[in-house]
Amino acid sequence: MRPSLHDLDGRIGEGWGGDPGPDGCHVNVVLGVRGSATAAALLGTFATPAPGHTPILVVVGEAQDRYEVVWPPTIMINKATAVEERHQTITWGAGQLGIAQGVLDAVADGLLEPTGDLVVFVCIWIDPSASDETAVRAAARLAVRRAIGVAVQGRDADAARDLVSRRDDVTSPFYGGS
């Protein structure tokens, strides 16, 4: 059963899509209900771009004069600084399209309503060395759908308890210590 719209406010999720490597994508998703402090904070990202990090409203369409906003409205911001032209193209092209498709998949699956009363915020990491636009699009789509699923349905309680039991043995691919 899907939570009520107001119960979705502030829910978060995380997802990975694609193969481990430069064409895979990692996302974080936050849901905010219109009029809430969460939504206000998410919308504030439009006022705070930084070099290489451009928040955008996710749109689809074959030409700029025919763009359609994904519904529910979705804000995208990149986690990896996009300064090289190819990385920018893949981020705001393949990444944006994959995000759009992932959100639309969540609507089609009944997780979200296509309403302007909800804001979906997606932070996406795309490797600067990514090169396969189709793989990046598919990875972003899968990652976003997975993350929205976690945000809406929650995490499996047994998996969460298992992680607690393994807390002394967990690691990270970015940790080099012992």
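The values are calculated or read from the model by the stated rules, or taken from the named source; none is laboratory data. All figures in this text were calculated on a predicted structure; none of them were measured in a lab. In this analysis, Cβ positions are derived from the backbone assuming ideal geometry, glycine residues included, and neighbour counts consider all displayed protein chains. Keep in mind that these areas ignore ligands, DNA and RNA; they rest on the heavy atoms of the full protein, side chains included. Shrake-Rupley method; radii C 1.70, N 1.55, O 1.52, S 1.80 Å.
GNM on the chain, C-alpha springs below 10 Å: top fluctuator among 138, 151, 47? Checking each option, the largest mean-square fluctuation is seen for 47.
Only one of (i) 10, 36, 35, 17, 2, 0; (ii) 10, 39, 40, 10, 0; (iii) 8, 29, 33, 23, 6, 1 was calculated from the structure for P(r) over Cα pairs in 10 Å bins from 0, in percent, and its label is (i).
Each part reduced to its alpha carbon centroid, the range 127-178 and the range 4-78 end up 17 Å apart. Per residue of the chain, the DSSP helices (runs of n ≥ 4 H) give a summed -39500 (n - 2.57) that works out to -9500 deg cm²/dmol at 222 nm. Ignoring ligands, DNA and RNA, please state the percent of accessible area on the chain from carbon and sulfur, probe 1.4 Å. Using a 1.4 Å probe with all protein chains present, the chain comes out at 54 percent carbon and sulfur. For residue 26, the accessible area of its heavy atoms, probed at 1.4 Å with every protein chain present, is near 50 square angstrom. A run of the chain free of exposed loop cleavage sites, with GluC sites (Glu not before Pro) counted only in DSSP states other than H, G, I, E and B and at most 15 other beta carbons within 10 Å, reaches its longest extent at 85-178.
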